[in-house]
Each structure stands twice: as structure tokens, then as C-alpha cells.
Amino acid sequence: MKLTHRQVEFFKAVMEQGSITGAAVSLRISQPAVSKALGALEAEIGLPLFQRTQNGLVPTVEARAFYTEVERSFSGLRYLSGVARDLTTLKHGRLVVGVIPALSNRWLPLVVARFIERFPEANMTFEAFSSPQMAQLVGQGRIDMGLAQASTNDPAIQRTPIVDIEVGVVLPRAHPLAAQKLIQPQDLAGQTFISLSPTDVITRQLDSVLASSGVTIQRRLHVSLGSTLCNLVGEGVGIGLVDAETYHYCRRPGLVCRRFEPRISMPISLLRSQRRPPSLMEHELIDHMRRIPPIDTIVAAAAD
């Protein structure tokens, strides 16, 4: 026995509309087409499904039993259609994203807020890690993707550049160097300098620039967060280098940020596992990240 979906659909319409005419109208086809399909279905089953009377079609007991199963089958299709629709609205699935602290204060909440406006059913977790931790967690499959400073040599990780954020010198507004529009390595000599951790990409670039320039600076404090550095500068402890996004978040009346040359930057990359394709949710979140970039220049960071 080989039933077609078209035959079953026509049978269902006749049962629900009570007549061939009503079924034809609901399906937007001709009455002869419905009659032909119904006859073919009865021939395939080998049983009459309707009694033809002067008052119209009367379903047989077998037709009613068959309709119960047909309705159950169509209910399953409707359920699957709902699941498919939910997939496009990101209702099913969960995304775990790692992000460095520098991007989690202002930019990430902005991106997530816009994302949730479009996909209110999305289920996501965001966790802050250092860049070395991020590469390790992505490689182990413990997070789905990460936004990090560091590059990685792990062949199992795909690295995609997202943005290159300029780094500037944060100073108290009353500091003598605040009068300069541009600060160079020799200007840092003799200053009390607050440094980010030795493994930070900003610190490593600064060390290279200072070595090339033959400049030695006095480092009294090392901190892991750019926001902590800005707050210490605000308290008059010293000066330091931070990225434009962090300064924009931490700026206040007593602080200024000046451009530094030669240029130092904080490159941000998206880390993903090569072992699995990205989900629709990942594609959509990445698209939002690209359309709402972080503050990436000192000029923009200082603007109101």
C-alpha cells in the first residue's frame, strides 16, 4: 500500500469541511480533483471511506478511525514546524562566550542588549577570562567562542581578527604631559608608571618600543585590569597605557588620554573551534559584534 501526502491531505479536508465542495474551497482546487484523489485513496486502502447519500458524504467507522491517526500525524508535523520556527528565533540551543574584561564593561552589554531585542528567546552565558585562558577553554570545547587579545598556534582553533583598538596614555588632567597632544617614549622617562601585567599584549608592545628607543621607565605598580589602572591614575598614583575602549568606559573629569607614538594597539580576535561548524546563534552574535564595534581610537574615546 502506497498512500500519498496529497491523498491524505484531501481526505483530511473532506472530513473537516464535511463535503467535497467545502474541501475544494479550503484547498483552493477544483471539486473533481478532490473527488479523484478521494477515490484513489479508497482504492488504495481497499475500503469505502464515505457513504454517498442524498444529504452528502457520511464518513464510515473506518474513515473516523483513519482520521484520528491522520490528525495525530498532522499534529506531529505542526509540532515539528514549531520546532523549526523556534530554531530560527534561537529559542533552542545555548551559547557560552568568553570575553576579556576590557570588552565586558561597556561594549559587550551594548551588543547583547541589541541582540536580545532581536532574539528575546536566546539562551547565552558570558564569562570573563584572560586571553591565555580563553584559547585553552575554546580548544577544550568548554566555551563556544572567545574574544581575546592573544593569538594562538593551536591548529584546532580558528582565529578571526575583529578589531584593532588604539592604545593611549592616561593622565591626570593637571599632569604636565596632559598639555601635549602626542606622547612619545622619551616623555615617559622619569614618570611614575602604572603597568598592565607583563603578559598583556599592551605591555609587551610597550617593552619593545622602549627597548628600541633606549628609554627606561619606573614601574611601581602592575595591575591586571585597565579599569584599575585608570582609577589609580585618577587618584594621582601615576600614569599608564590603556586601550581606547577601556578609557571611554572609565573617563571622568579628572582624567585625560593622549595618543602615543609609535602606535600601540590591542588587537581583538574571535577564537572558535575548528572541530565543529558555527551555529546560527554564533553567526548572528558575530554579525552584531561587527555592526556594533568597540571604541577603537583615542580621539573617539575622548569625545562626548
Checking GLN17, GLN205, GLN274 against a Gaussian network model of the chain (alpha-carbon springs below 10 Å), the top fluctuating residue turns out to be GLN17
Residue-by-residue Karplus 3J(HN,Hα) for region 101-116, coefficients 6.51, -1.76, 1.60, Hz, glycine and proline x: x, 4, 9, 8, 7, 10, 5, 4, x, 5, 5, 5, 4, 5, 5, 5
Amide H partners (placed H, <5 Å) of GLY240, local residues excluded: VAL170, ILE194
Could you pull out the GluC sites (Glu not before Pro) across region 153-256 that fall in loop regions by DSSP (anything but H, G, I, E, B) with no more than 11 other Cβ atoms inside 10 Å? GLU235
Around SER212, with a cut-off of 14 angstrom between Cβ atoms, what is the net charge of the other residues, counting Lys and Arg +1 and Asp and Glu -1? 0
Residue separation between SER208 and LEU182 times 0.36 nm, minus their alpha-carbon distance, gives in nm 7.5 nm
Determine ³J(HN,Hα), in whole Hz, for all residues of region 168-185 in sequence, where each value follows from phi through the Karplus function 6.51 cos²θ - 1.76 cosθ + 1.60 and θ = phi - 60°; x replaces Gly and Pro. x, 9, 8, 9, x, 4, 8, 5, x, 6, 5, 6, 8, 7, 9, 10, 10, x
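Which value in Å does the Kirkwood hydrodynamic radius of region 151-283 take, with 1/r averaged over all unlike C-alpha pairs and then inverted?
That comes to 16.0 Å for region 151-283.
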As an exercise, identify the trypsin sites (Lys or Arg not before Pro) in region 1-58 lying in DSSP coil whose Cβ has no more than 14 other Cβ atoms within 10 Å. LYS2, ARG28
Whole-number percent relative contact order across region 5-88, with pairs defined as alpha carbons under 8 Å at least 6 apart: 23
At 7 Å along Cα-to-Cβ for each site, give me the label-to-label distance between ARG220 and LEU110 in nm. 3.4
Shape metrics for the chain, restricted to C-alpha atoms - Rg then Dmax, Å: 32.9, 108
Identify which of LEU229, LEU38, LEU182 has the largest mean-square fluctuation in a Gaussian network model of the chain, with springs joining Cα atoms closer than 10 Å. LEU38
Disulfide-incompatible cysteines by the Cβ rule (no partner under 4.7 Å) in the chain: CYS257
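Taken together, the values in this text are just the output of simple stated rules run on the coordinates, not laboratory data. The structure displayed is predicted, hence computed values, not measured ones. Every residue, glycine as well, gets a Cβ built from its backbone with ideal geometry; the counts of neighbours run over all protein chains shown.
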